[in-house]
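Here is the structure we will look at, set down as structure tokens.
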Amino acid sequence: MGTQQDDNLQDRPSKVRHNRLLAVIILLLLVIIWLLVKPPVPLLPKAPVRDPQAHADRVHEEQTITGIVTGYKNNPHLDINSMELQTKTAGEMRVDFRPHTAAAVTGIGAVGQSVTITYGLHPNDEVVGYHLIAIKNDKTAESQILDDLPPPPDVPNHQTENFKLDKPVLITDHYGGIVALKKNKLLFHFKPGLVDYIAPMIKVSTRFDMVAVRRPDDQGFINVEHDKVYIVLSITMDNKTFLVR
């Protein structure tokens with residue numbers, strides 16, 4: 001009799017632990033079922049963060065001024081990309097614009113004509129410069145907002161041509177970066193930075209085989225030397241071919 005009571009006393013803690021474990025398991029199952037069947041909580045979109053000061057600064061930076069067009073300047077690729085303006089209030093100004101907008105800008109503001117321009121500030125070569133936003137001819141009232149002009153495609157068409165150049169003229173920017181090769185009235189345009197890794201080889205080579213596509217004359221660019229401009233896709237030197245577009 002005593003032995004049976006002792007066995008019951010020994011089994012009691014084990015049964016208690018078993019019941020507690022069973023209760024924990026049941027509770028966990030209930031929690032899992034609740035998580036599976038509860039309706040999802042919709043996530044509300046975050047309200048856009050607006051910076052009124054940034055908007056005010058942008059508006060403040062846009063200025064309008066009237067002046068006489070005195071000339072146009074070009075970038076290292078020989079494409080016109082800035083206008084020179086003589087104004088009464090600010091004196092001589094130089095205002096940059098994207099090269100593909102040159103035809104529109106020069107068509108509205110020929111040298112010697114009075115124009116009213118809207119321009120903004122932007123850093124250019126570590127110096128604060130001006131960029132053209134809109135232009136209006138004061139006599140004809142013809143005007144153009146430059147952002148309304150679509151940018152040109154990176155590769156202007158799919159009709160490739162092959163060229164062999166012997167001792168072309170090397171054109172560089174004011175940092176020494178290679179921007180083009182020129183042979184007679186043909187200019188072979190490299191996108192900025194795309195040939196930096198092979199620049200030393202280009203500078204010592206005298207013969208080049210290239211695959212390129214013609215840049216159409218109706219894309220808005222104006223080459224100051226009236227060259228036929230080609231966009232280079234690949235260049236071969238010393239039997240090594242490099243894709244550059």
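The values are calculated or read from the model by the stated rules, or taken from the named source; none is laboratory data. Source: prediction; values computed, not measured. Glycine gets a Cβ as well: all are built from the backbone with ideal geometry, and neighbour counts include every protein chain shown.
Scanning the range 169-185 for residues that are buried (at least 17 other Cβ atoms within 10 Å of the Cβ) and out of contact with any His (no Cβ under 7 Å at 6 or more places or on another chain) returns Ile171, Ile178, Leu181, Lys182. Pairing each residue of the range 192-206 that is farther than 16 Å from His77 by Cβ with any residue that is in a loop (DSSP other than H, G, I, E, B), provided the two are 6+ apart or on different chains, yields C-beta distances under 6 Å for Thr206/Lys167.
Of the residues in the range 190-210, not one is touching a His at 6+ places or on another chain (Cβ under 7 Å) and surrounded by 14 or more Cβ atoms within 10 Å (Cβ to Cβ).
Exactly one residue out of Ile80, Ile117, Ile133 is within 23 Å of Tyr175 (Cβ to Cβ), of a type in the set (A, V, I, L, M, F, W, C) and at pLDDT 95 or above: that is Ile80. Taking (1) farther than 26 Å from Ala103 by Cβ; (2) at pLDDT 95 or above; (3) surrounded by 15 or more Cβ atoms within 10 Å (Cβ to Cβ) in turn, Val229 satisfies each apart from (1). Residue count for the range 157-178 under the criterion of being touching a strand residue (DSSP E or B) at 6+ places or on another chain (Cβ under 6 Å), part of a loop (DSSP other than H, G, I, E, B) and under 15 Å from Val229 (Cα atoms): the result is 2.
Answer yes or no: is there a residue in the range 212-226 that is touching an Asp or Glu at 6+ places or on another chain (Cβ under 9 Å) and small (Gly, Ala, Ser). Yes: the range 212-226 contains one or more residues that are touching an Asp or Glu at 6+ places or on another chain (Cβ under 9 Å) and small (Gly, Ala, Ser). Scanning the range 184-208 for residues that are among the β-branched types (Val, Ile, Thr) and either part of a helix (DSSP H, G or I) or touching a Ser or Thr at 6+ places or on another chain (Cβ under 8 Å) (or both) gives Ile198, Ile202, Val204.
Check whether at least one residue in the range 54-71 is modelled with pLDDT of 95 or more, touching a Pro at 6+ places or on another chain (Cβ under 7 Å) and surrounded by 17 or more Cβ atoms within 10 Å (Cβ to Cβ), and report yes or no.
No, the range 54-71 contains no residue that is modelled with pLDDT of 95 or more, touching a Pro at 6+ places or on another chain (Cβ under 7 Å) and surrounded by 17 or more Cβ atoms within 10 Å (Cβ to Cβ).
Of the residues Ile202, Ile198, Ile235, the single one that is closer than 12 Å to Phe163 by Cα and either assigned by TED's automatic domain parsing to the domain that holds Leu170 or not aromatic (Phe, Trp, Tyr) (or both) is Ile235. Residue pairs whose Cβ atoms lie under 9 Å apart, separated by 6 or more positions or on different chains, with the first residue in the range 216-227 and more than 13 Å from Pro150 (Cα to Cα) and the second exposed (fewer than 13 other Cβ atoms within 10 Å of the Cβ) and not charged (D, E, K, R), are Pro216/Asn157; Asp227/Asn184. So is Asn162 in contact (Cβ under 8 Å) with a residue 24 or more places away in the chain, exposed (fewer than 13 other Cβ atoms within 10 Å of the Cβ) and polar (S, T, N, Q) or not? When the stated conditions are applied, Asn162 passes them.
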